[in-house]
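Shown next, in structure tokens, is the structure this report addresses.
Just so you know, all these numbers are worked out from the coordinates, no wet-lab data involved. Predicted model, so just to flag it, every value in this text is computed and none were measured. No Cβ is skipped: glycine too gets one built from the backbone with ideal geometry, and neighbour counts run over all protein chains shown.
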Amino acid sequence: MIPNIDYHMHTALCGHAVGSLSEYVEQAIALGIGEIGFSDHAPMVHMRLQGVTMDYRQLPLYHRLIDEVKAKYSGKIAIKYALEADFIPGFEAKTQEIIAGYPYDYIIGSVHFVNGWAIDDPMAIEYWKTADINQVWRDYFKLLRQSAQSGMFHIIGHCDLPKKFGHRPTADMSDEVKATAKKFKECGVAVEINTSGLRKPIKEMYPSPIFLKLYCAAGVPLTFGSDAHTPGDVGKNFREAVELAKSVGYTEYVSFDKGKLAQRIKL
Ligand SMILES: [Zn+2]
Ligand SMILES: [Zn+2]
């Protein structure tokens, strides 16, 4: 069995994903997935970066393209309106403005920037060379807690992204993760199993089993996302994702509708 949802996928509008929305939808249907959400990168609020996120002016087109596939595949699959938005402290109002501009079903809040640099960017490898790795992780977890606290997001994306290129913490981070999981639970945000880590140098899903176990223990709801940037990656490694979820104790996952937790689905 694979999960019935894939809640994290992109479109060519962000500038670094390929394929038409129909191709993403058809791949999901072929796998037997009943519900997907397009969660393309929301416009960047703190700097201009080409090829990283959509532009404000593209949002009407983004919504129109989703409307088109919703109509085209009606009765075959449910399609949700979503965004993946960066959490940048100090820019909450601007982020909120984007999120409030449309009735999204859910918003994935992601931390890609720590202390001003994009930790998941291959260009940032140089920064990693001189960074205090454990401190980056601590700062990262603090930002995750602030993301949840902001009240802007329903799901927090790829919750141990700093490991992407292999920079695992050498210090014990369980207290950080426990505090983060507690905050997620308090704020009512879900965590996602994001399978894209398997396609990155770390070759492991986000988050790691030891971290995910702490989110499960804290009672944090779960979603699944492939983070597909190409149609062929929709629903990728979802069987393994279910195994991971079960192995840490999850017995269900959740879906969202119009900004609210909609269903609890048995694993
Ligand atoms: Zn992307
Ligand atoms: Zn992301």
note = Exposure-ranked with fewest Cβ neighbours within 10 Å first, Met205, Met44 stand as Met44, Met205
remark   = Per GNM of the chain with C-alpha springs under 10 angstrom, the most fluctuating residue out of Gln27, Gln146, Gln135 is Gln135
task = For every other residue with a beta carbon closer than 13 angstrom to the beta carbon of His154, add +1 if it is Lys or Arg and -1 if Asp or Glu, then tell me the sum.
result = -1
task = Report the extension gain between Met1 and Ala171 in nm, rounded to one decimal, defined as 0.36 nm multiplied by the number of residues separating them, less their alpha carbon distance.
result = 57.6 nm
ask   = What full-extension length gain, to one decimal in nm, is calculated for Lys258 and Met47 as 0.36 nm per residue of separation minus the Cα-Cα distance?
value = 73.1 nm
Per-residue [θ]222 nm for the chain (sum of -39500 (n - 2.57) over DSSP H runs n ≥ 4, rounded to 500) = -10000 deg cm²/dmol
note = The extension gain from Lys178 to Ile210, computed as 0.36 nm times the residue separation minus the Cα-Cα distance, is 10.4 nm
Cβ-based exposure ranking for Leu13, Leu143, Leu212, in which fewest neighbours within 10 Å come first = Leu13, Leu143, Leu212
inquiry  = Under a crude label model (7 Å from the Cα following the beta-carbon direction), how far is Lys76 from Arg239 in nanometres?
reply    = 2.4
key: Reachable aspartates and glutamates from Lys76, criterion Cα separation under 17 angstrom, eight or more residues apart if same chain   = Asp6, Glu23, Glu26, Glu35, Asp67, Glu68
remark   = Surrounding charge for Thr251, neighbours by C-beta under 15 angstrom, Lys/Arg +1, Asp/Glu -1, total +2
request  = Could you tally the net charge around Ile202, taking each other residue with its Cβ under 12 Å from the Cβ of Ile202, Lys/Arg +1 and Asp/Glu -1?
outcome  = +3
remark   = Taking 72-79, 189-196 and ranking on average Cβ neighbours within 10 Å, highest first, one gets 189-196, 72-79
query = Among the DSSP beta bridges whose two residues both lie in the chain, what percent are antiparallel, rounded to the nearest 5?
reply = 30
ask   = Under a plain spin-label model, where a point goes 7 Å from the Cα along Cα-to-Cβ, how far apart in nm are Phe91 and Gln146?
value = 1.2
